[in-house]
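Structure first, then comments.
The values are calculated or read from the model by the stated rules, or taken from the named source; none is laboratory data. All values reported here derive from a predicted model rather than from experimental measurement. We place every Cβ from the backbone using ideal geometry, glycine too, and count neighbours over all the protein chains shown.
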Amino acid sequence: MDFQHSPRVQDLQQRLTAFMNEHVYPNEHAFNQQVKEQRWKSPAVLETLKAKAREQGLWNLFMPDANYGPGLANIEYAPLAEIMGRVFWAAEVFNCNAPDTGNMEVLLKYGTEEQRQRWLIPLLAGEIRSAFAMTEPAVASSDATNVETSILRDGDDYVINGRKWFITNAMHERCAIFIVMGKSDPDNPNRHLQQTQILVPRDTPGLSVARPLSTLGYYEEPGGHAEVVFDTVRVPKENLLLGEGRGFEVAQGRLGPGRIHHCMRLIGAAQRSLEFACKRVEGREVFGRKLSQQGSVREAIAVMASKVEMCRLLTLRAADKMDSEGTKEARDLIAMAKIMVPQLTSEVLDMAIQMHGAGGLSEDYFMAEAFNYARWCRMADGPDQVHMMSLGKQVIRQYSN
C-alpha cells in the first residue's frame, strides 16, 4: 500500500482545505443560525457555498465513475472526505453527503436508463435530495431480513404498506425520491430473496412523514431523520430496482461504500478535535501551570493522536483493499473500520470535550454535534454487534482451518 497520495489528490486536498478555510469555517455560525430559523429548508449560506464549490470543480468527488464525477478510487477519495468531515454539514457543500451518495451509486449501478435520467441526473446536479428507507420501528432491523413493509404486485403497479423510521433526509423540503426496501415474497424459504427495493417519489399519495426524530437532542436540520408511513402507496412496476427478490443484493452493494465514507468523515472530526484540544491546553492555566504542562493532559493528547492515526490507517487499508480486490473481498476490513472508527472517534471527541470544560458540551464548539454523529454511526448501516458477529465468523473460519 502506497501512503503517498498522487499529485492529483494532493492538489484536491490543497484546494479543499483552502475552500474550507475561506468559506466553510467562517460560516459555521451563520449555518447554525439559518437552520434554526427555517429548519427543513436548505439555508441560503449552504446554497451559496454549493455554487462556489461547483464553480471550482469540487463537486461529486465521491463518484467513482468518470462519466459522472472525477472517477476517484476509494483510497483517493478518503483524504478528501476526511477534510469535509471536519464540519458536520460540509459534505453537502461538495454534493458528497449521505444518504444521497449511496443512493446515487445505487441508481448508477442498478437503475434503468429512465430511472437515471429522472433521479440520478438531478441528484448529481444537487437539485434534489433523496432518502433510503429500510429501518423499521416494529422489528429488529439490524437483521434486514426482518423488515415487514410489504411491496406487493398489483397488475402493473406495486403497492407498499409499512412504517419506517430514522430515515435521513426525509424532512428536507427537496427530498424528492425514496428508495424503499420491503418484502415482495415473504414466504420464500430463502430469507435473502424475500426483499425488494423500489423507487417512491416523495409526492406519491399515501406517503407521509409522521414526525421528525432527534438523536441525543440533535435534529440535524435541514435533512433530519424522520418516521415515515407508507399507506397503500402505489407506484408503477417501472420503479422496481434490479428485480423482485433482489433487494438484499442492492442493499449489500449500497452499504459497503457508505460505511467506509462515514469512517472517512469521522476521522476529519477526530483530527479537528485533536487540534482544538492542543490549542486549548496550551492557552489555559490551572494551578499555576498551563494545562499542556500537566502530565495527565499530555498522556490524554498522546492517546488521542494515536487513536486518530489508527482510525486513519485502518480506513485507508480498507479503502485500498476495496479498490484492489472489490467490496466483497474487503468486507473484513470494512467491518473493522465500521466497528472501530466511530467508537474511537467518540472517545477522542469525549476527551476533547473534557478539555474544553462545560463549553465543550455547548454549541460554541463543534465537538458535541460531532460526538452525536459518531455515536449514531455506531447504529447506522448496521450496529456494531452485527459487524462484530460477521467479522468474528470470518476470522474464526480463516484461522481455524
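Sub-7 Å Cβ pairs linking a first residue in the range 273-288 that is touching a residue at least 12 places away in the same chain (Cβ under 8 Å) to a second residue that is of a type in the set (S, T, N, Q) and assigned to a helix (DSSP H, G or I), at least 6 apart or interchain, are 281/292, ordered by first then second residue. The set of residues in the range 235-280 being over 22 Å from residue 106 (Cβ atoms), surrounded by fewer than 21 Cβ atoms within 10 Å (Cβ to Cβ) and among the charged types (D, E, K, R) consists of 275, 279, 280.
Annotation: of all residues in the range 207-223 being within 17 Å of residue 163 (Cβ to Cβ) and touching a residue at least 40 places away in the same chain (Cβ under 8 Å), the one that is surrounded by the fewest Cβ atoms within 10 Å (Cβ to Cβ) is 210. Residue 63 fulfils the conditions (1) among the aliphatic types (A, V, I, L, M); (2) buried (at least 22 other Cβ atoms within 10 Å of the Cβ); (3) touching a Gly at 6+ places or on another chain (Cβ under 8 Å) except for a single criterion, (2). For the range 128-140, does any single residue satisfy the condition of being surrounded by 17 or more Cβ atoms within 10 Å (Cβ to Cβ), within 21 Å of residue 383 (Cβ to Cβ) and of a type in the set (Ser, Thr, Tyr)? Among the residues of the range 128-140, at least one is surrounded by 17 or more Cβ atoms within 10 Å (Cβ to Cβ), within 21 Å of residue 383 (Cβ to Cβ) and of a type in the set (Ser, Thr, Tyr), which makes the answer yes. When the residues of the range 66-117 are filtered to those that are of a type in the set (Ser, Thr, Tyr) and closer than 23 Å to residue 134 by Cβ, the one that is surrounded by the most Cβ atoms within 10 Å (Cβ to Cβ) is 101.
Every listed requirement among (1) in the same structural domain as residue 24 (by TED's automatic domain parsing); (2) in a helix (DSSP H, G or I) is met by residue 145 save one, (1). Kindly indicate whether any position in the range 221-239 is assigned to a loop (DSSP other than H, G, I, E, B), of a type in the set (Gly, Ala, Ser) and under 23 Å from residue 171 (Cβ atoms). Within the range 221-239 (the criterion being assigned to a loop (DSSP other than H, G, I, E, B), of a type in the set (Gly, Ala, Ser) and under 23 Å from residue 171 (Cβ atoms)), the answer is yes, since at least one residue qualifies. Applying the set (1) surrounded by 19 or more Cβ atoms within 10 Å (Cβ to Cβ); (2) at pLDDT 95 or above; (3) more than 22 Å from residue 223 (Cβ to Cβ) to residue 58 leaves exactly one unmet item: (3). Is the range 320-340 home to any residue that is touching a Lys or Arg at 6+ places or on another chain (Cβ under 8 Å), modelled with pLDDT of 95 or more, surrounded by fewer than 22 Cβ atoms within 10 Å (Cβ to Cβ) and aliphatic (A, V, I, L, M)? Yes; the residues of the range 320-340 include at least one that is touching a Lys or Arg at 6+ places or on another chain (Cβ under 8 Å), modelled with pLDDT of 95 or more, surrounded by fewer than 22 Cβ atoms within 10 Å (Cβ to Cβ) and aliphatic (A, V, I, L, M). Taking the conditions (1) more than 23 Å from the chain's Cα centre (by Cα); (2) among the aromatic types (Phe, Trp, Tyr); (3) assigned to a helix (DSSP H, G or I) in turn, residue 3 satisfies each one other than (3). Please verify whether residue 332 is part of a helix (DSSP H, G or I) and among the acidic types (Asp, Glu), treating the condition exactly as stated. For residue 332, the condition - part of a helix (DSSP H, G or I) and among the acidic types (Asp, Glu) - is met. So the check is Cβ under 8 Å with 6+ separation or different chains; which pairs have a first residue in the range 317-328 that's in contact (Cβ under 8 Å) with a residue 40 or more places away in the chain and a second one that's buried (at least 16 other Cβ atoms within 10 Å of the Cβ) and not in a helix (DSSP H, G or I)? Final answer for the pair search is 318/330; 322/330.
Whenever a residue of the range 78-105 is more than 19 Å from residue 315 (Cα to Cα) and not assigned by TED's automatic domain parsing to the domain that holds residue 15, it has no partner that is of a type in the set (A, V, I, L, M, F, W, C) and crowded, with 22+ Cβ neighbours inside 10 Å lying with C-beta atoms less than 9 angstrom away and at least six residues away or across chains. From the list 167, 177, the lone residue that is touching a strand residue (DSSP E or B) at 6+ places or on another chain (Cβ under 6 Å), surrounded by 20 or more Cβ atoms within 10 Å (Cβ to Cβ) and either closer than 26 Å to residue 51 by Cα or among the aromatic types (Phe, Trp, Tyr) (or both) is 177.
Of the residues making up the range 11-30, those that are over 16 Å from residue 81 (Cβ atoms) and either surrounded by 13 or more Cβ atoms within 10 Å (Cβ to Cβ) or within 20 Å of the chain's Cα centre (by Cα) (or both) are 23, 25, 27, 28, 30. Quick one: in the range 354-370, which of the residues that are closer than 17 Å to residue 268 by Cα and touching a residue at least 40 places away in the same chain (Cβ under 8 Å) is nearest to the chain's Cα centre (by Cα)? Per the stated criteria, the residue is 370. For the range 31-51, a tally of residues being crowded, with 19+ Cβ neighbours inside 10 Å and polar (S, T, N, Q) returns 2.
Have a look at 274, 291, 314 and point out the one that is among the hydrophobic types (A, V, I, L, M, F, W, C) and either in the same structural domain as residue 75 (by TED's automatic domain parsing) or closer than 17 Å to residue 378 by Cβ (or both). Result: 314 is the single residue among 274, 291, 314 that is among the hydrophobic types (A, V, I, L, M, F, W, C) and either in the same structural domain as residue 75 (by TED's automatic domain parsing) or closer than 17 Å to residue 378 by Cβ (or both). Among the listed residues 312, 317, which satisfies the condition of being over 19 Å from residue 373 (Cβ atoms), at pLDDT 95 or above and assigned to a helix (DSSP H, G or I)? Going through 312, 317 in turn, the sole match is 317.
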